[in-house]
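Notes follow once the structure below has been shown.
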Amino acid sequence: MSYLGPDLDPPQPRRGRRRALTVATAALVPGALLGWLVYATVGDDGGGSGEAAVRPSQANTRPAAPPTDDEKPSPSPSASDSAPLAGKVVVVDPGHNPGNFRHTAEINRQVDIGTNRKECDTTGTSTNAGYREAEFTLDVARRMRALLEKQGATVEFTQDGDRPWGPCVDERARIGNKAHADAVVSIHADGAGAGQRGFHVILPGKVAEGDANTGPIVAPSRALGERVAGAFVRVTGSAASDYVGDGTGLVTRQDLGGLNLSTVPKVFIECGNMRDSKDAALLTSGAWRQKAAQGISEGIVSFLRG
Ligand SMILES: [Zn+2]
């Protein structure tokens, strides 16, 4: 599990029974969004798959301009059409930090997550070939920023590879709170056992203890998570996790500081299992990460447009 580190993961029971995804596959994306289904020829920074491009998933999809990290939303006279998320704030939380492993004392410091105390942050997991979760999360987050800014959203990050470690999980939550974010998504990839596959979205459970009070965000976070899961399935073609969530792609947890301390709608997504070779082949592909970013972003857009 990415929160514990690959060596501390509890064994997860295999679940043989797969059932249809019960999440919001009906999370329909407005037609306007089809226009921003982008080719994944851009930003493939050497994920290693050799994939040069993905085909558009809709016959009527027009190629979009390649998103870049420094791309900014452009003002438009018809803001409601071209910038449907104008005025909305999305905080993207790239899980972990590529520098965490060099700062074990700092990230092992205990912080108050309301219900208990927990490590400030963790190193995250990696593929068997050494592609780190912290690199994956930053890459997907940057792709999301380009897509969401195109929709007119104001996008803030909890970290952008611009600090040596962290931030701590409590600070990650506070960044979303202080931004008065309309939605927060924390990006991760899991470190489960080989042979265990698929994505899952983690929803905040109800907790009220110390500084943790998730009561007001449980329902909107579930709505956000269902939209994200539905869009992720549709865009990436990935199946829901076969090792947690009982085939729903949704898991509720009460032990994550990043969720417990949030006062705004927030979910985590574990995009796949870095320790499984088939999932790792996806996670290390820049083209696939573009699809992942697109799926998550479309889920956010769907949630924010109601
Ligand atoms: Zn993680």
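The values are calculated or read from the model by the stated rules, or taken from the named source; none is laboratory data. Here the structure is a predicted model, which means the values were calculated and not measured. FYI the Cβ positions are ideal-geometry reconstructions off the backbone, even for glycines, and counts take in every protein chain you see. What goes into the accessible areas is simple: the full protein's heavy atoms, side chains included, and nothing from ligands, DNA or RNA. Shrake-Rupley method; radii C 1.70, N 1.55, O 1.52, S 1.80 Å.
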Original post:
With the Cα gyration tensor of the range 87-161 giving a ≥ b ≥ c as the square roots of its eigenvalues, does the rule (a/c under 1.5 for rounded; else a/b larger than b/c for prolate; else oblate) give rounded, prolate or oblate?
Top reply: oblate
Original post:
Which of Val228, Gln254, Pro204 sits farthest toward the positive end of the charge dipole of the range 191-273, with +1 on the Cβ of Lys and Arg and -1 on the Cβ of Asp and Glu?
Top reply: Val228
Original post:
Given the pairs Lys118/Lys178; Lys88/Lys118; Lys178/Lys266; Lys88/Lys206; Lys206/Lys291, which span a C-alpha to C-alpha distance of over 20 angstrom in this model?
Top reply: Lys118/Lys178; Lys88/Lys118; Lys88/Lys206; Lys206/Lys291
Original post:
Over the range 187-306, what percent of the accessible surface lies on carbon and sulfur atoms, probe 1.4 Å?
Top reply: 52 percent
**OP:** Keeping all protein chains in place, calculate the accessible area per residue for the range 213-257 (probe 1.4 angstrom), answer in Å².
**Re:** 33 Å²
Subject >> Computed E for Asn128/Gln254 - FRET, C-beta separation, R0 25 angstrom, nearest 0.05 >> reply: 0.20
Original post:
Where does the Debye-calculated log10 I(q)/I(0) of the range 164-260 sit at q = 0.16, 0.22, 0.23 Å⁻¹, using only Cα point scatterers of equal weight, no solvent?
Top reply: -0.75, -1.23, -1.29
**OP:** Rounded to whole Hz and in sequence order, give me ³J(HN,Hα) for the range 105-122 from the Karplus expression 6.51 cos²θ - 1.76 cosθ + 1.60, θ = phi - 60°, writing x for Gly and Pro.
**Re:** 5, 5, 7, 7, 4, 7, 10, 7, 10, x, 7, 6, 10, 8, 4, 3, 6, 10
Original post:
Taking θ as phi - 60°, what are the ³J(HN,Hα) couplings along the range 133-147 by the Karplus curve (6.51, -1.76, 1.60), each to the nearest whole Hz, with x for Gly and Pro?
Top reply: 4, 5, 6, 4, 5, 5, 5, 5, 4, 5, 5, 4, 4, 4, 5
Subject >> Antiparallel %, DSSP beta bridges [both residues in the range 170-306], to 5 >> reply: 30 percent
Original post:
Seen from all sides and averaged, what is the projected area of the convex hull of the Cα atoms in the range 233-306, in nm²?
Top reply: 5.9 nm²
